[in-house]
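Participant: Take this structure first; my questions come after.
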């Protein structure tokens, strides 16, 4: 499964989910996620290690302890923060630690800070860091951690991401493929490689000067 998913882009995943599961958004994790400014955009795929931030006045209690020293090797760290919060939830020290532990990527559905340190961590450990934006303030005045890889976390777009979901990202964005009892993974792994091969044949025709419409039939 990992080998197949690592060979696919989020766009390939989206085509597969739209065709086989009926997801009109193609499994988009959250809109507007971009690589750290100035970093090399790297493709990544791995199971989600999920941390959810919530507003300080959220009725759920804050989780004691730190998540960052428990990031599994080859996972994709996924942090979610409420829409509208501009405090950064992922700084340079966290980025460096996650990279050292072998994370495949860090998807921050919220703001980051310490851009230079983020960029250095991405280059040093060869992993991608993506976020919705860049801020300057620390998280504590605005948000708290309410769960660490125990259940689904709500994204800024209102969707859910579960621990163990497959997360696939590149410069186009980030896709989520539900793991567990769902058959999404199997369907995507079966459909998407064939779709990619068909698209490559169409591209060959177009580069040879053939019309696009008949080539796509």
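The values are calculated or read from the model by the stated rules, or taken from the named source; none is laboratory data. Worth saying up front: this structure is predicted, and the values here are computed from it rather than measured. Heads up, the Cβs are rebuilt from the backbone with ideal geometry, glycines too, and the neighbour counts pull from every protein chain shown.
Participant: Here are the criteria: (1) within 16 Å of residue 139 (Cβ to Cβ); (2) out of contact with any strand residue (DSSP E or B) (no Cβ under 7 Å at 6 or more places or on another chain); (3) touching a residue at least 12 places away in the same chain (Cβ under 8 Å). Tell me which single one residue 101 does not satisfy.
Facilitator: (1)
Participant: Among the candidates 176, 195, which residue alone is touching a residue at least 40 places away in the same chain (Cβ under 8 Å) and either in a loop (DSSP other than H, G, I, E, B) or more than 15 Å from the chain's Cα centre (by Cα) (or both)?
Facilitator: From the options 176, 195, the qualifying one is 195.
Participant: Within region 105-113, identify whether any single residue is modelled with pLDDT of 95 or more and assigned to a loop (DSSP other than H, G, I, E, B), and answer yes or no.
Facilitator: Within region 105-113, one or more residues are modelled with pLDDT of 95 or more and assigned to a loop (DSSP other than H, G, I, E, B).
Participant: For region 39-73: of the residues being at pLDDT below 95 and farther than 21 Å from residue 9 by Cα, which is surrounded by the most Cβ atoms within 10 Å (Cβ to Cβ)?
Facilitator: 66
Participant: Right, another one. Is it true that residue 14 is surrounded by 21 or more Cβ atoms within 10 Å (Cβ to Cβ), in contact with a strand residue (DSSP E or B) (Cβ under 9 Å, 6 or more places away or on another chain), at pLDDT below 95 and within 20 Å of residue 135 (Cβ to Cβ)?
Facilitator: No: the conditions fail for residue 14.
Participant: While we're looking at this one, here's another question. For region 19-28, indicate whether the set of residues that are surrounded by fewer than 20 Cβ atoms within 10 Å (Cβ to Cβ), within 17 Å of the chain's Cα centre (by Cα), touching a residue at least 24 places away in the same chain (Cβ under 8 Å) and outside any helix (DSSP H, G or I) is non-empty.
Facilitator: Yes.
Participant: Just for region 119-149: of the residues that are touching a strand residue (DSSP E or B) at 6+ places or on another chain (Cβ under 8 Å) and either in a loop (DSSP other than H, G, I, E, B) or modelled with pLDDT under 95 (or both), which one is nearest to residue 89 (Cα to Cα)?
Facilitator: Residue satisfying both the conditions and the ranking: 139.
Participant: Any idea how many residues of region 74-83 are at pLDDT 95 or above, within 15 Å of residue 139 (Cα to Cα) and assigned to a loop (DSSP other than H, G, I, E, B)?
Facilitator: Selection size over region 74-83: 2.
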